[in-house]
Amino acid sequence: MSHIAYVNGRYLPQKQAFVHIEDRGYQFADGVYEVICIWNGVPADYQGHLVRLNRSLSELKMRAPMSDGALTSVIQEVIRRNRIVKGTVYIQINRGVAPRLHNFPGASVKPSIVVTAKHGAGPPESVAEAGVKLITQPDQRWGRCDIKSVGLLPNVLAKQAAYEAKAFEALLHRPDGTVTEASASNAWLVTPDKVIVTHPLSNAILGGVTRATVIKIARAAGYKVQERAFTLDETKKAKEVFLTGTTTFVMPVVQIDERQVANGAPGTIALDLRQRYRAFLDDLTETAWDA
């Protein structure tokens, strides 16, 4: 079966799906994106992803190529044509096609949009059961990490460094030692007195949609959650460390650089939150498109 993509009004086999060479997403990384987890044929945290997508567009003064309702119809059709049961949908919106000038093109230039899908959502459960290794990397990203921009080169370099070190992810930190997040996920720790901590929302991190849901799940389960800055030193001394993301769900961390986290086994709180998040996914119904 061919993978089918939506590109500017047309559904095409992916091998025939292209954007123009003067598309500003290609030339300037002048675009935004979202990745949505599809579970049992329906989306997780769909409204949260729409809200973040529209916020990213607004922050870059870029107009949406279609209404939320029309975009939902496109996503549903891409899911149907690709027969996605468990997988992901990728949405990218660029400012459009125009001669290469740094300033924005005129109002007549229409934004471009691509929607694709693929089967499979994240690593197997065995990875979470074993826990993962992180390496630390300096946070060299731009000052507006709250915008989900396609300009991800610093993230790519950090992720490549993790890959070369046979690590799952790169934990990013500022010169003063403050941990912001990982290259493609939000970072958390659990203090010795069992308080769950994650970096507060700001321009320094991407406000993860899964992050927001895990905060709700944790508080509903009776855990104390703090949104505050924390340091690399505090992270390495934590009772537990874990990551959250659209495809990682809740991922326990057992090692940072050459130092194991606590006893080197996945933390009980992280594993409990992962189970609770998986239950949240399993309970999704068609109302997930509206809720």
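Some notes on this structure:
- Ranking Ala161, Thr191, Thr213 by Cα position along the charge dipole of segment 125-282, where only Lys, Arg, Asp and Glu carry charges on their C-beta atoms, puts Thr213 farthest toward the positive end.
- Taking the Cα centre of segment 193-291 as reference, the dipole from Cβ charges on Lys and Arg (+1) and Asp and Glu (-1) amounts to some 280 debye.
- Ranking Trp142, Phe18, Val78 by how far each Cα lies toward the positive end of the dipole of the chain (charges on Cβ) leaves Phe18 at the top.
- Low-density loop cleavage sites - chymotrypsin sites (Phe, Trp or Tyr not before Pro) in segment 98-181, where at most 16 other Cβ are within 10 Å (DSSP): Trp142
- Reach of Lys118 by Cα under 16 Å, taken over lysines that are not fewer than 8 positions away in the same chain: Lys15, Lys86
- Cα-based helix-to-principal-axis angle, 46-59 vs the chain, degrees rounded to 10: 70
- Most mobile listed residue (Ser67, Ser149, Ser112) in the chain, GNM with C-alpha springs under 10 Å: Ser67
- Qualifying trypsin sites (Lys or Arg not before Pro) in segment 73-123, where qualification requires a DSSP coil assignment and no more than 14 other C-beta atoms within 10 Å, comprise Arg83, Lys86, Arg100.
- For segment 187-233, the list of trypsin sites (Lys or Arg not before Pro) that fall in a loop by DSSP and count at most 14 other C-beta atoms within 10 angstrom reads Lys194, Lys224, Arg228.
- Between Gln47, Gln137, Gln16, the Gaussian network model of the chain with springs among Cα atoms under 10 angstrom shows the greatest mean-square fluctuation at Gln16.
- With Cα atoms, 0 to 90° folded angle of helix 68-82 axis to the chain main axis: 80
- Mean-square fluctuations from a GNM of the chain, with a 10 angstrom spring cutoff on Cα atoms, peak among Val156, Val115, Val42 at Val156.
- Relative contact order of segment 206-287, defined on C-alpha pairs under 8 angstrom at six or more residues apart (%): 27
- Tilt relative to the chain, helix 268-282 - C-alpha long axis, 0 to 90 degrees, to 10: 30
Each value in this text was obtained by applying a stated rule to the coordinates, not by laboratory testing. This is a predicted model, so every value here is computed, not measured. Ideal geometry is used to build each Cβ from the backbone, glycine not excepted, and the neighbour counts take in all protein chains shown.
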